[in-house]
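The values are calculated or read from the model by the stated rules, or taken from the named source; none is laboratory data. Everything numeric in this text was worked out from a predicted model, so none of it was measured. Every residue, glycine as well, gets a Cβ built from its backbone with ideal geometry; the counts of neighbours run over all protein chains shown.
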């Protein structure tokens, strides 16, 4: 009993329980058919949510007001640049990945420049910059949809024993980022800033540098997600990142990270990502349209925020 109470106290457990409940309801509605395929699809699409969610989680952990709203435009720009550079050639995959990551480095640096040098609030800065990045993608791509190299497309859709290779890689990535958050100076500095930025500064934490690195890490992960998503979906499209504006924040909040900053939860990202995808799948199975899906997702996020705001520090 004590073990169950201890497990129930973990903030990430509720995301996994929610995902399990939604999966069971969908499988029951389908009379037990397609459960394995649904879970495999959830792992595949949840992978992209988790990648952008890790970066967004680090930003949100910095404290109230910190959020990156340029993630969708960043993904589009990175995917567009990489696909056009590779032009379908397998030998250019490494160059395409490097270009995508370079886009992320530039985006993160530009965003923090607006925040630090021009003193623009992060929400306004990243929202404004997203228009610039999306315009750059439109100008660079000229409306073309270039197919990814076959090797990249095969890699992003490959599975081992029904488990997507991408999901395995991102599980490893989540484990590494957990270590970074809990066991490194950078990770502890992010948490310290989120808990009390003035106290962190007085304690010797390089607050400005830490915030800069955090926004860059978030942008680089978004660019990586854009690169992989373009390979998975058959090319870069101008709306490819549209679903990740809300979901990048939703997986963080539902996964147990405090919206007030100072507390992060990497394991919960996977539970939240699976829950969100399975929720959409369940609503589609039940015949509900996209409007009900968005309303229910919004209600869940608001409910979690209300519960989190009432918890003890």
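Can you tell me which condition residue 118 does not meet? The list is (1) in contact (Cβ under 8 Å) with a residue 12 or more places away in the chain; (2) surrounded by fewer than 19 Cβ atoms within 10 Å (Cβ to Cβ), and all the others hold. Checking residue 118 against (1) in contact (Cβ under 8 Å) with a residue 12 or more places away in the chain; (2) surrounded by fewer than 19 Cβ atoms within 10 Å (Cβ to Cβ), the one that fails is (1). Checking 168, 179 one by one, the residue that is surrounded by fewer than 17 Cβ atoms within 10 Å (Cβ to Cβ), touching a strand residue (DSSP E or B) at 6+ places or on another chain (Cβ under 9 Å) and within 24 Å of residue 58 (Cβ to Cβ) is 168 and no other. Residue 209: within 23 Å of residue 105 (Cα to Cα) and loosely packed, with under 14 Cβ neighbours inside 10 Å, yes or no? It is true that residue 209 is within 23 Å of residue 105 (Cα to Cα) and loosely packed, with under 14 Cβ neighbours inside 10 Å.
Screening the range 100-132 for residues that are in contact with a helix residue (DSSP H, G or I) (Cβ under 8 Å, 6 or more places away or on another chain) and not in a helix (DSSP H, G or I) and picking the one that is farthest from residue 249 (Cα to Cα) gives 118.
Inside the range 264-300, residues that are in contact (Cβ under 8 Å) with a residue 12 or more places away in the chain and either assigned to a loop (DSSP other than H, G, I, E, B) or in contact with a strand residue (DSSP E or B) (Cβ under 8 Å, 6 or more places away or on another chain) (or both) make up a count of 3. Please go through (1) at pLDDT below 85; (2) closer than 18 Å to residue 55 by Cβ for residue 223 and return the number of the only condition it doesn't satisfy. Checking residue 223 against (1) at pLDDT below 85; (2) closer than 18 Å to residue 55 by Cβ, the one that fails is (1).
Give me the helices (runs of 4 or more DSSP H) completely within the range 133-243, filtered to those with at least 2 residues that are under 24 Å from residue 38 (Cβ atoms), ordered by residue number. Because the criterion is at least 2 residues that are under 24 Å from residue 38 (Cβ atoms), the helices (runs of 4 or more DSSP H) in the range 133-243 that meet it are 150-157, 165-183, 207-233.
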